Amino acid sequence: ININASPIANFKFSPQPTNMSDPNIYFTDNSNNIIGSTWYLGDGNIVTDSLNFWHTYNDTGKYIITYIVNNEFNCSDTIIDSLIINPIYKIFIPNAFTPNPDIDELNNMFEPNIIGANKYIMNIFNLWGEKIFESENRGWNGKQNGKYVQNGTYSYSILVNDFNNKLFKYTGTFHLIR
């Protein structure tokens with residue numbers, strides 16, 4: 001009886017994490033004693049017998065990478081890992097809102113529109129700098145203590161953690177119109 005050595009599959013890829021501004025990933029084989037390989041890249045693409053190559057992902061998401069290697073004795077090994085392509089971080093903060101749900105369902109919340117963020121913390125202040133609202137990942141409906149505040153200019157402070165946990169701080173003013 002002959003016992004043949006099995007290959008050991010191993011690979012690296014970078015950059016990680018990344019976003020749609022640079023969705024190009026470089027794959028590198030780090031296996032030992034192989035003669036063939038198959039990469040399943042998680043997006044429907046398959047690459048055979050390439051030890052190092054670039055691949056571009058066309059969409060955001062988590063991709064499961066399966067790498068199968070074999071050696072001269074037709075023994076194989078498999079390794080599985082995942083990579084993430086995040087959206088490009090963007091934020092829009094309105095300069096006015098109209099909290100009047102009894103009239104229409106439009107523009108009733110003051111909140112940032114954020115793509116590519118893990119969380120945000122928002123504080124709202126009145127004209128005298130007093131904090132009247134604080135939340136995490138939730139907009140403001142224009143109420144303080146259950147009652148709508150007066151029309152006017154209010155200020156905000158918004159702290160955003162993007163997908164890399166990089167902190168961004170935004171301050172400014174907006175108009176509440178009822």
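Has segment 47-57 got at least one residue that is open to solvent by less than 60 Å² (accessible area, probe 1.4 Å), farther than 30 Å from N118 by Cα and not aliphatic (A, V, I, L, M)? Checked against the condition, which is being open to solvent by less than 60 Å² (accessible area, probe 1.4 Å), farther than 30 Å from N118 by Cα and not aliphatic (A, V, I, L, M), segment 47-57 yields at least one hit.
The residue that is least open to solvent (accessible area, probe 1.4 Å), among those in segment 103-115 that are hydrophobic (A, V, I, L, M, F, W, C) and touching a residue at least 24 places away in the same chain (Cβ under 8 Å), is F110. Checked against the criteria, T78 counts as under 29 Å from the mean Cα position of the chain (by Cα), farther than 30 Å from N161 by Cα and either at pLDDT below 95 or among the polar types (S, T, N, Q) (or both).
Just to verify a result, which residue in segment 6-21, among those that are exposed (fewer than 14 other Cβ atoms within 10 Å of the Cβ) and touching a strand residue (DSSP E or B) at 6+ places or on another chain (Cβ under 9 Å), is nearest to F73 (Cα to Cα)?
First, the residues of segment 6-21 that are exposed (fewer than 14 other Cβ atoms within 10 Å of the Cβ): 12, 14-17, 21.
Next, from what is left, pick out any that are touching a strand residue (DSSP E or B) at 6+ places or on another chain (Cβ under 9 Å): 12, 14-17.
Numbers: K12: 25, S14: 31, P15: 34, Q16: 34, P17: 37 Å.
Once the filter is applied, the top-ranked residue is K12.
Here F27 meets each of (1) part of a strand (DSSP E or B); (2) at positive phi; (3) not polar (S, T, N, Q) with one exception, condition (2). The single residue among V47, V69 that is more than 18 Å from L83 (Cβ to Cβ), in a strand (DSSP E or B) and not charged (D, E, K, R) turns out to be V69. Screening I84 on (1) open to solvent by 50 Å² or more (accessible area, probe 1.4 Å); (2) free of Cβ contacts under 8 Å to residues at least 40 places away in the same chain; (3) outside any loop (DSSP other than H, G, I, E, B); (4) hydrophobic (A, V, I, L, M, F, W, C) shows it passes everything except condition (2). Does Y67 satisfy the condition of being open to solvent by less than 70 Å² (accessible area, probe 1.4 Å) and in contact with a Gly (Cβ under 7 Å, 6 or more places away or on another chain)? The answer is no for Y67.
Annotation note: of N165, N100, N118, the sole residue that is open to solvent by 80 Å² or more (accessible area, probe 1.4 Å) and either over 30 Å from I25 (Cα atoms) or assigned to a strand (DSSP E or B) (or both) is N118. Checking each residue in segment 124-162 for being open to solvent by 60 Å² or more (accessible area, probe 1.4 Å) and among the acidic types (D, E) picks out E130, E134, E136. When you check K62 against the structure, is it under 30 Å from G36 (Cβ atoms) and basic (K, R), yes or no? In short, yes.
The values are calculated or read from the model by the stated rules, or taken from the named source; none is laboratory data. Since the model is a prediction, treat every value here as computed from it, not as a measurement. Positions of Cβ are backbone-derived with ideal geometry, glycine not excepted, and every protein chain shown enters the neighbour counts. These accessible areas exclude ligands, DNA and RNA; they are computed on the full protein's heavy atoms, side chains included. Shrake-Rupley method; radii C 1.70, N 1.55, O 1.52, S 1.80 Å.
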